[in-house]
Amino acid sequence: MSYSKSIELLRDYVAIPSVNPMGRSDMPAAIAGETRLAEHLLEQLRGMGFDARCIGEGDRQSVVAEVTVSGAIDTLLFASHIDTVPIDGMEIDPFDPVVTGGRLQGRGSCDTKAGMAAFVAALEKTAANGSLRRNVVLLGEADEEFGGLGVDDSLAAFASTALDIDWVLASEPTNLQVVHAHKGVAVMRLETHGRACHASAPDDGENALVALARVITALDDHAADLALRSHPQLGPPTLSVGRAGGGTASNIVPDAAWLELDRRLVPGENAESIRRDIEGVLAAAGVDGVSISLCAAKAPLETPLDHAAVRSCIKALESAGLPPETTSVAFGTDAGPFAEAGLPGVVLGPGSIEQAHTSREFIETAQVDAATRLFEALLSGETPSE
Ligand SMILES: [Zn+2]
């Protein structure tokens, strides 16, 4: 069986484990981390004649390549994360890229190795046949699914080069629709503090779990108020308390308790504004002495529809004979933190988010081939019409 170039590339990428350890310590070294795939891409991109390097540390490396052409119309940062979510509970061999019934299966096939495969195939072709008309910075970033190491490493790398990036295309499964807006997320940990004593004389102490209960009630009231801040496309920001704990024994008044909350951000909000919100909520509820720490954050995205990033992608979709649709989505992507860092952009790639992270993850091969046509049109692209 012979496959298109992008499907061949995708089969290789899926067969190379690049599982994000997601803060866990029980992940086998044979599958954890992105460096195996970063090094594979490094060799592949160098083999195509591109200037490529790995950035980052240890088993969490990312790969960057730079391709320039004379008379380029602009400089595109194409970012496609190379980590995948873990493989627990998968009902297929996660690293065997079986192609059957018009589908290619395996962990990362949809989210988001397919986008990288389609783009590399398109870049190789347009560079080789002389139709490339954009400068390209290709980034395969580590750690999109958890902490954002790859974005941090790449922003540091871009700061020390002469690169002048005009816009960003973050590849994620969007069914080849141009996503110009999505929510962000902040995960925060709150801790209450009290004074321990014997539970037979509780008035001698201060119960940190009782304080935590007041915090949770105040946050729940605040969550209801967030509905008033609804964004026209993305809906309201949300707050959910997902984990909580405290205390050491039933006969000890607890001196410490904690919770973790998930706060989805709409454009205009950021981790600092959320912290101030929560401080205000706690002050109004009369709960003091609560420590607040930020565990993880990803900025929201809101790129105007008339931005060159949107118009360039719409133009390319039209050229490739694909529906030129824009939309917004519920999930966060690395386009958010790039936009926050001054690199505006969109999210666009093959496959459906419904197949991402699933026990039988797959992508339709026709989507991968359509994405390749789209990226060829984009790379050989005309300037968007005014
Ligand atoms: Zn993804």
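The values are calculated or read from the model by the stated rules, or taken from the named source; none is laboratory data. Remember, it's a predicted structure, so these values are computed and weren't measured experimentally. Methodologically, a virtual Cβ is constructed for each residue, glycine included, from the backbone with ideal geometry; neighbour enumeration extends over all protein chains shown.
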(message) Would you confirm whether or not the stretch 7-30 contains a residue that is surrounded by 15 or more Cβ atoms within 10 Å (Cβ to Cβ), at positive phi and of a type in the set (Gly, Ala, Ser)?
(response) no
(request) Of the numbered conditions (1) surrounded by fewer than 23 Cβ atoms within 10 Å (Cβ to Cβ); (2) touching a helix residue (DSSP H, G or I) at 6+ places or on another chain (Cβ under 9 Å); (3) not aromatic (Phe, Trp, Tyr), Ser171 fails exactly one; give the number of that condition. (result) (1)
(message) Contact list please: Cβ distance under 7 Å, first residue in the stretch 304-321 and without any contact (Cβ under 8 Å) to a residue 60 or more places away in the chain, second residue buried (at least 18 other Cβ atoms within 10 Å of the Cβ), pairs at least six apart or on different chains.
(response) Ala320/Arg373; Ala320/Leu374; Ala320/Ala377
(message) When the residues of the stretch 182-211 are narrowed to those that are surrounded by fewer than 24 Cβ atoms within 10 Å (Cβ to Cβ), out of contact with any Lys or Arg (no Cβ under 8 Å at 6 or more places or on another chain) and touching a residue at least 60 places away in the same chain (Cβ under 8 Å), which ends up nearest to Ile314 (Cα to Cα)?
(response) Arg189
(message) Looking at (1) at negative phi; (2) in the same structural domain as Leu76 (by TED's automatic domain parsing), which one does Leu259 not meet, given that it meets all the others?
(response) (2)
(request) Sort out which residues of the stretch 336-353 are in a helix (DSSP H, G or I), more than 15 Å from the ligand (Cβ to nearest atom) and among the hydrophobic types (A, V, I, L, M, F, W, C), and write them in order of number. (result) Ala339
(request) Restricting attention to the stretch 79-97, report how many residues are under 20 Å from Glu376 (Cα atoms) and away from the ligand (no atom under 14 Å from the Cβ). (result) 0
(request) Please list, ordered by first then second residue, the pairs with beta carbon atoms under 9 Å, 6 or more apart or interchain, first in the stretch 54-82 and assigned by TED's automatic domain parsing to the domain that holds Ala156 and without any contact (Cβ under 8 Å) to a residue 60 or more places away in the chain, second polar (S, T, N, Q) and within 16 Å of the ligand (Cβ to nearest atom). (result) Cys54/Ser62
(request) Working only within the stretch 258-270, note down all residues that are surrounded by fewer than 19 Cβ atoms within 10 Å (Cβ to Cβ) and closer than 14 Å to Val185 by Cβ. (result) Glu260, Asp262, Asn270
(message) Looking at the stretch 217-231, I want the residues that are under 15 Å from Ala283 (Cα atoms) and have a partner that is surrounded by 12 or more Cβ atoms within 10 Å (Cβ to Cβ) and modelled with pLDDT under 95 with Cβ atoms under 7 Å, at least 6 apart or on another chain. Which pairs are those?
(response) Ala218/Ala285; Ala218/Val287
(request) Please enumerate the residues belonging to the stretch 112-146 that are within 16 Å of the ligand (Cβ to nearest atom) and not in a helix (DSSP H, G or I). (result) Leu139, Gly140, Glu141, Ala142, Asp143, Glu144, Glu145, Phe146
(message) Suppose the filter is modelled with pLDDT under 95, within 30 Å of the chain's Cα centre (by Cα) and outside the structural domain of Phe338 (by TED's automatic domain parsing); does Arg275 pass it?
(response) no
(message) Filter the stretch 159-209 down to the residues that are at pLDDT below 95 and out of contact with any Asp or Glu (no Cβ under 9 Å at 6 or more places or on another chain) and list them by number.
(response) Ala159, Ser160, Ala162, Asp164
(request) Please state which one of Val346, Val290 is touching a His at 6+ places or on another chain (Cβ under 9 Å), farther than 30 Å from Asp221 by Cα and surrounded by 18 or more Cβ atoms within 10 Å (Cβ to Cβ). (result) Val346
(request) Could you tell me whether Gln233 is within 27 Å of Gly108 (Cβ to Cβ) and out of contact with any Gly (no Cβ under 8 Å at 6 or more places or on another chain)? (result) no
(request) Filter the strands (runs of 3 or more DSSP E) completely within the stretch 1-107 down to those with at least 2 residues that are closer than 30 Å to Asp164 by Cβ and not hydroxyl-bearing (Ser, Thr, Tyr). (result) 51-55, 62-67, 75-79
(request) Name, by its number, the condition in (1) modelled with pLDDT of 95 or more; (2) on the phi < 0 side of the Ramachandran plot that does not hold for Gly246. (result) (2)
(message) Restricting to the stretch 100-111, give me the number of residues that are within 16 Å of the ligand (Cβ to nearest atom) and small (Gly, Ala, Ser).
(response) 3
(request) Output the number of residues of the stretch 232-273 satisfying the condition of being out of contact with any Leu (no Cβ under 7 Å at 6 or more places or on another chain) and either over 19 Å from Ala181 (Cα atoms) or assigned to a loop (DSSP other than H, G, I, E, B) (or both). (result) 20
(message) Against the condition over 25 Å from Ile274 (Cβ atoms) and touching a Cys at 6+ places or on another chain (Cβ under 6 Å), how does Asp204 come out, does it pass?
(response) yes
(message) If the requirement is being within 15 Å of the ligand (Cβ to nearest atom), in the same structural domain as Thr174 (by TED's automatic domain parsing), polar (S, T, N, Q) and more than 13 Å from the chain's Cα centre (by Cα), which of these qualifies: Thr333, Thr326, Thr358, Thr365?
(response) Thr358
